[in-house]
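Take a look at the structure set out below.
The values are calculated or read from the model by the stated rules, or taken from the named source; none is laboratory data. The structure displayed is predicted, hence computed values, not measured ones. Note: areas computed on protein heavy atoms with side chains; ligands, DNA, RNA excluded. Shrake-Rupley method; radii C 1.70, N 1.55, O 1.52, S 1.80 Å.
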Amino acid sequence: MKSPSQPRDRGIPEATVARLPLYLRALHGMAERGIATVSSEDLAVAAGVNSAKLRKDLSHLGSYGTRGVGYDVEYLVYQISRELGLTQDWAVAIVGVGNLGRALANYGGFVSRGFRVAALVDADPEVVGDTIAGLNVEHIDELEAVIGRRGVSIVVLATPAAAAQAVCDRVIGAGVTSILNFAPVVLSVPDSVDVRKVDLSIELQILAFHEQRKAGGPLMAMDGQ
């Protein structure tokens, strides 16, 4: 099954790939405001990166801008979308339809970015059969069949931690090699499988650390003190 992480195979550094969605988000905002061209400096500010790093990143796409004019917003959106694989339709399955899974299923931003929620799967008999965002929730026992029938390329795991690894193993066994993991657990996967982890509690803890520092909170004691 085709994986959406192709840019790495074309010689683009992983760090650059991670920044491309930031540029794309900023460019979409500019396009919506009717901005036709943008300088590297303005795009860098909008994306929250260094302008020299941005120019180097975009050079990997063969886009160098025009001196005195900048980058064509519409064309750069196309270039980045093409590189990220967003010019085609990616079918996504969400496994785990609790509060988070339901929120993700109802999020309208996926379609405009090249992703289509094609299946919802859960183990709870109270949830199976419900209709959410126009989709029927299917039983976890049918996971492999659902993946094959719906042409799923990416799976979002929103299951409890205890179930995540077993579900992950089944997903990989069904041929999926790209997983977005919201479960609070580190998954063990083969090298051929790409996993992106979203852990909201970790992000909040990092913010708490910075908030404490800004408030003049305690620093770690020196050794021997």
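Between Glu41, Glu203, Glu74, the residue with the greatest mean-square fluctuation in the GNM of the chain (Cα pairs under 10 Å linked by springs) is Glu203.
Amide H to amide H distances under 5 Å link Val156 with Ala93, Ile94, Val95, Leu180, where only residues 5 or more positions off or on other chains count and H is placed in the peptide plane.
Listed values for region 59-65 are Karplus-derived 3J(HN,Hα) couplings in whole Hz (6.51 cos²θ - 1.76 cosθ + 1.60, θ = phi - 60°), namely 5, 5, 8, x, 10, 10, x, and x replaces Gly and Pro. Amide hydrogen proximity for Val117: with H placed 1.01 Å from N in the peptide plane, the residues at 5 or more positions away or on another chain lying under 5 Å are Val92.
Using a Gaussian network model of the chain whose springs link C-alpha atoms within less than 10 Å, name the residue from Val186, Val155, Val171 with the highest mean-square fluctuation. Looking only at Val186, Val155, Val171, the largest GNM fluctuation is found for Val186.
With the other protein chains left in place, how much accessible area per residue, in square angstrom, belongs to region 59-126 at a 1.4 angstrom probe? For region 59-126, the per-residue accessible area is 52 Å².
Using bins of 10 Å that start at zero, the share of Cα-Cα pairs per bin across region 135-225 amounts to 14, 36, 21, 15, 10, 4, 0, in whole %. The fraction of accessible area contributed by carbon and sulfur in region 1-136 is 51 percent, rounded to a whole number (1.4 Å probe; ligands and nucleic acids excluded). Listed values for region 25-42 are Karplus-derived 3J(HN,Hα) couplings in whole Hz (6.51 cos²θ - 1.76 cosθ + 1.60, θ = phi - 60°), namely 4, 5, 5, 4, x, 5, 4, 5, 8, x, 7, 8, 9, 9, 6, 5, 5, 5, and x replaces Gly and Pro. Full extension of the chain between Ser201 and Ala15 gives 64.6 nm of extra length, using 0.36 nm per residue less the Cα-Cα distance. Of the solvent-accessible surface of region 149-200, computed with a 1.4 Å probe over protein heavy atoms with every protein chain present, carbon and sulfur atoms account for 60 percent.
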